[in-house]
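Participant: Shown below is the structure under consideration.
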Amino acid sequence: MPSKDLTGTGTLDGFPGSRIDRLRATLAGIAAHEDVNFLLTNRIPRHLATRFIAWFGKIEQPLVRDLSIGAWRLFADPALDEAKTTRFRSLHDCFVRELKPGARPINTDPAVAISPCDAIVGACGAVEDGQVIQAKGFPYALAELLPDPALVDHYRNGRYVTLRLTSSMYHRFHAPHDLRVDEVTYVSGDTWNTNPIALKRVEKLFCKNERAVIRTVLRDSGHMVTLVAVASILVASIRLHCLDRLLHLDYQGPNRFACQASYQKGAEMGWFELGSTIIVFAPGELALCPGVRAGAVIRMGEPLLRAG
C-alpha cells in the first residue's frame, strides 16, 4: 500500500501555512486552559481511548491514514524533515518514526551520561531520603514507584531527572551510556495524562500509571542507572528491544524479566507510542549536567548526568 510523503513544512493537506498556524494557535489556546485540558485528556474513559488508538493508529487505509496524520498535525508540529523517511504507512508509523543518521549527535565524553530521549525536563535534583518531587507540592515515595525494595534503597539519596516527551517529539529512546540491562519489571496501571496540568492535580500520578522499570549497569563505572518509562493516555504500548513481547494494557504477565542485553551509548532501546515520560534515577555520585533544570528542552544525545 502506498505510503504518504509528509515533507511539506509550509502547508498541510493543501491549506496555506498561515491558516494552519492560526488554527494551531486557536487549538493551543483552548488546550492551555487548565480545566478544559484536564477534562478533555483525563475525564474520559482512559483505558478505552488508549485501546482505541492502539487499533486505529495502525490502520493503513490511505484516507484514514492521511486524515488522522493531518488531524494530529493540527495539535502538534513534529519535525518530520528529521525523519529517516517522510513516507508513512499509518499514524502509528509516523509516531514511531526513526531519525536520519546524525540527526542527534551523541556526546562522547566517557564521564557523561546522555539524555535517552528528546524531552522537556520536569522536576529533577536530589532524592531526599526516598522522596521525589512530581510537581511543586506533590512529592511521592520511591517505594510507591519502584517495585524492588533494593532499588528504593539504592536511590534513597541519589539523583533523578524527569523527562517528558510531548506528542510531537521523537518517540524512541536510547542508551544513556555503554550499559547492560539487568532486569525489566512491568507494572500495569492507569493512563493519566502526564502533562504539567495533570501532574499538578493528580497526586502520585507516576506511581499510578502503567510503567516499565528498566534496571541498567553502566559498563565502565558499574553505576546502576534505572529508567522508568511511564505510559500516558493514548500510549498504546511500550516496546523494548531487549524483550520478545510488547508491554501494553492487556498484557497478562509475567511482569519481571531477567535480561542480559548490552547497548552502546546512544543505541536505540525502544519506543513509546505517542508521548509520555522517562524518569532517570542515578546514584549520588552522578551530578546533573549544567543546564539540566525544570523547563529546559533537551535532545537525545545531549549531556544529562556527569560523574564526579
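Participant: Quick one: in the range 155-308, what % of C-alpha pairs are over 25 Å apart?
Facilitator: For the range 155-308, the share of Cα pairs beyond 25 Å comes to 26 percent.
Participant: Collect residues whose amide H, placed 1.01 Å from N in the peptide plane, falls under 5 Å from the amide H of Gly266; neighbours closer than 5 in sequence don't count.
Facilitator: It is Ala175, His177, by chain and number.
Participant: Still on this model: Choose one of Gly301, Leu205, Ala76: the residue whose Cα lies farthest towards the positive end of the charge dipole of the chain (beta-carbon charges +1 Lys, Arg; -1 Asp, Glu; about the Cα centre).
Facilitator: Toward the positive end, the furthest listed residue is Ala76.
Participant: For the range 201-285, what size does the Cα cloud have along each of its three principal axes, sorted from largest down, in whole Å?
Facilitator: The Cα atoms of the range 201-285 stretch 38, 32, 23 Å along their principal axes.
Participant: Work through the residues other than Arg211 whose Cβ is under 12 Å from its Cβ and net out their charges, Lys, Arg +1 and Asp, Glu -1.
Facilitator: -2
Participant: Among the lysines, select those whose C-alpha is under 22 Å from the C-alpha of Lys58, and discard any that sit fewer than 8 residues away in the same chain.
Facilitator: List returned: Lys4, Lys84.
Participant: Using only DSSP helix segments of four residues or longer, with each worth -39500 (n - 2.57), what per-residue ellipticity at 222 nm results for the chain after dividing by its residue count and rounding to 500?
Facilitator: The per-residue figure over the chain is -6500 deg cm²/dmol.
Participant: While we're looking at this one, here's another question. Hey, how many Å between the Cα centroid of the range 153-215 and the Cα centroid of the range 110-142?
Facilitator: If you average the Cα positions of each part, the centres end up 10 Å apart.
Participant: Right, another one. Among Leu80, Leu243, Leu179, determine the one that fluctuates most according to a GNM of the chain built with springs between C-alpha atoms less than 10 Å apart.
Facilitator: Leu243
Participant: Residues of the range 207-224 with backbone nitrogen within less than 19 Å of a virtual label 7 Å along the Cα-to-Cβ line of Asp182, please, listed as ranges.
Facilitator: It comes to 212-224, nothing else.
Participant: OK, next. In whole percent, how big is the carbon plus sulfur part of the accessible area of the chain, probe 1.4 Å, protein atoms only?
Facilitator: Roughly 55 percent of what the probe reaches on the chain is carbon or sulfur.
Participant: Still on this structure, please answer the following. Suppose every Lys and Arg Cβ carries +1 and every Asp and Glu Cβ carries -1, with no other charges. What dipole size does the range 161-273 come out with about its Cα centre, to the nearest 20 debye?
Facilitator: 280 debye
Participant: Still on this model: Just need the Rg to Rh number for the range 225-273, please, alpha carbons only, Kirkwood Rh.
Facilitator: Reported Rg/Rh, Kirkwood definition of Rh: 0.95.
Participant: Grab every C-alpha pair in the range 131-183, bin the distances at 5 angstrom width from 0 up to the longest one, and report whole percents.
Facilitator: Each 5 Å bin holds this share of Cα pairs: 4, 13, 18, 21, 21, 17, 5, 0.
Participant: Would you kindly derive the ³J(HN,Hα) couplings of the range 89-100 from the backbone phi angles with the Karplus curve 6.51 cos²θ - 1.76 cosθ + 1.60 (θ = phi - 60°), listing them in order in whole Hz, with x for Gly and Pro?
Facilitator: Working through the residues one at a time gives 7, 7, 4, 4, 4, 6, 4, 9, 4, 8, 9, 4 Hz.
Participant: Which residue fluctuates most in the GNM of the chain (Cα springs below 10 Å): Gly295, Gly125, Gly284?
Facilitator: Gly295
Participant: Let me ask something additional. Whose amide H sits under 5 Å from the amide H of Cys259, counting only residues 5 or more places off or on another chain, with H placed in the peptide plane?
Facilitator: Long-range HN contacts for Cys259: Glu183, Val184.
Participant: Along the three principal axes, how long is the range 109-200 when you take its alpha carbons, biggest first, rounded to the nearest angstrom?
Facilitator: Largest first, the range 109-200 extends 36, 36, 26 Å along its Cα principal axes.
Participant: With charges set only on the Cβ (+1 for Lys and Arg, -1 for Asp and Glu), what does the dipole of the range 96-198 come to about its Cα centre, in debye to the nearest 20?
Facilitator: So the dipole magnitude of the range 96-198 works out to roughly 520 debye.
Participant: Moving on to the next point. Picking from Met224, Ala267, Leu179, whose Cα lies most toward the positive end of the charge dipole for the chain (charges on Cβ: Lys, Arg +1; Asp, Glu -1)?
Facilitator: Result: Ala267, furthest along the dipole toward the positive end.
Participant: Express in nm, to one decimal, how much length is gained between Asp220 and Ala71 on full extension, taking 0.36 nm for each residue of separation and deducting their alpha carbon distance.
Facilitator: 49.0 nm
Participant: At 1.4 Å probe radius, can you tell me the per residue accessible area of the chain in Å²?
Facilitator: In whole numbers, the chain has 45 Å² accessible per residue.
Participant: Quick one: the Cα spread of the chain along its three principal axes, in angstroms, biggest first?
Facilitator: 55, 41, 40
Participant: Report P(r) for the range 40-145: all Cα-Cα distances, bin width 10 Å, range 0 to the bin holding the largest distance, values in whole percent.
Facilitator: Binned Cα distances yield the sequence 11, 26, 29, 26, 8, 0.
Participant: If you build a Gaussian network model of the chain, linking Cα atoms that sit under 10 Å apart, which residue out of Pro283, Pro254, Pro110 swings the most?
Facilitator: Maximum fluctuation in the GNM of the chain, among the listed residues, is at Pro254.
The values are calculated or read from the model by the stated rules, or taken from the named source; none is laboratory data. Bear in mind the structure is a predicted one, so any value in this text is a computation, not a measurement. Because the Cβ atoms are built from the backbone with ideal geometry, glycine has one as well, and the counts that use them run over all protein chains shown. What goes into the accessible areas is simple: the full protein's heavy atoms, side chains included, and nothing from ligands, DNA or RNA. Shrake-Rupley method; radii C 1.70, N 1.55, O 1.52, S 1.80 Å.
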